[in-house]
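Take a look at the structure set out below.
The values are calculated or read from the model by the stated rules, or taken from the named source; none is laboratory data. Values in this document were obtained by computation on a predicted structure and should not be read as measured data. Here the Cβ is made from the backbone with ideal geometry for all residues, glycine too, and neighbour counts use every protein chain on show. Heavy atoms of the whole protein, side chains included, go into the accessibility calculation; ligands, DNA and RNA do not. Shrake-Rupley method; radii C 1.70, N 1.55, O 1.52, S 1.80 Å.
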Amino acid sequence: MGDETTPAAPGAGAERAAPAIQTVQRAAMILSAFTVSRPQLSLNELTASLGTSKATAHRYTKALRESNLLRYDEREALYSLGPQILTLSAAARAGMPVIGIAGPYMQRLVREIDETVVLSVWDGDSAVVVRVDDNTDRVIRVSVRTGTRLSRTESAQGRVFCAFLPEGEVPGLAKELAASTELRRELERIREEKISANTPSVNGVRTIAAPVFRDRIPIATMAVVATTDSVPPGSGSPAAEALKRVTAEITAELGRESHLPDGTA
């Protein structure tokens, strides 16, 4: 049987691909509009984030609902992320070796200092919490939710990424550095000490953070989150010293893994 397919005109493939790419981009924009602080959104809010007509936004939300990427509460007329997101989230975490490797170290650090320990990764815009090991023995327990997005320049973990990532990989950092002598000096100090320990405390909570490297690239930050009463400021406290030791150990293990021959588990 002969091939009855009509040859495509030059450039036709690119024309067909463009709408498909736009569709993916718009779907991603809708999903990205949901945050920990805004887990439910109306169609009007999604339309505004998408920058299209309400009819177009509704068409995309319908397709995402059919794929279980969105849920819709008819009584409240609000959308939220669907169950398929949990599957994708688990797959994403499984694809980040640092989360699995860091787990036992985080548990050991919690037992050693009896404080909450948090691991975050960089998502291209800010630090995002991907694992939390809570302390359970203290009267006051500090808890952090996974999925929380942290301020680039005001959080301890965000500042660690700002200090060690190439400046161009942190949106808006060059402008903020030009406007703030304090921030420039703070990032220089973090590079020297490899710990962010002087971020102003909020509501009696203090966070100290240190980088985890792989091939000299900061792929995660680990932080101790505690009350100002239990962890003093500065980089010389027992909690800070323990944090620096543990992140160095994780960095060393990641370095050994990166030099394993292909196919070696």
* Does any residue of the range 127-138 turn out to be farther than 13 Å from Met222 by Cα and under 14 Å from the mean Cα position of the chain (by Cα)? -> no
* Asked: Would it be correct to say that Thr228 is open to solvent by 40 Å² or more (accessible area, probe 1.4 Å) and either over 20 Å from the mean Cα position of the chain (by Cα) or not hydroxyl-bearing (Ser, Thr, Tyr) (or both)?
  -> yes
* Is there any pair linking a residue in the range 176-188 that is free of Cβ contacts under 8 Å to residues at least 12 places away in the same chain to one that is in a helix (DSSP H, G or I) and open to solvent by 60 Å² or more (accessible area, probe 1.4 Å), with Cβ under 6 Å and at least six apart or on different chains, and which? -> Leu177/Arg184
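Might you let me know whether the range 45-53 holds any residue that is within 16 Å of Gln84 (Cα to Cα) and open to solvent by less than 70 Å² (accessible area, probe 1.4 Å)?
no
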* Any idea which of Val224, Val160, Val231 is under 30 Å from Ala33 (Cβ atoms) and β-branched (Val, Ile, Thr)? -> Val160
* Would you tally the residues in the range 187-224 being open to solvent by 20 Å² or more (accessible area, probe 1.4 Å) and out of contact with any Gly (no Cβ under 9 Å at 6 or more places or on another chain)? => 17
* Asked: Going through the range 31-50 one residue at a time, which ones are over 22 Å from Val129 (Cβ atoms) and either of a type in the set (Val, Ile, Thr) or in contact (Cβ under 8 Å) with a residue 12 or more places away in the chain (or both)?
  -> Ser42, Leu43, Glu45, Leu46, Thr47, Ser49, Leu50
* Starting from residues that are open to solvent by 50 Å² or more (accessible area, probe 1.4 Å) and touching a residue at least 24 places away in the same chain (Cβ under 8 Å), keep the ones in the range 74-93 and report whichever is nearest to Gln25 (Cα to Cα). => Leu81
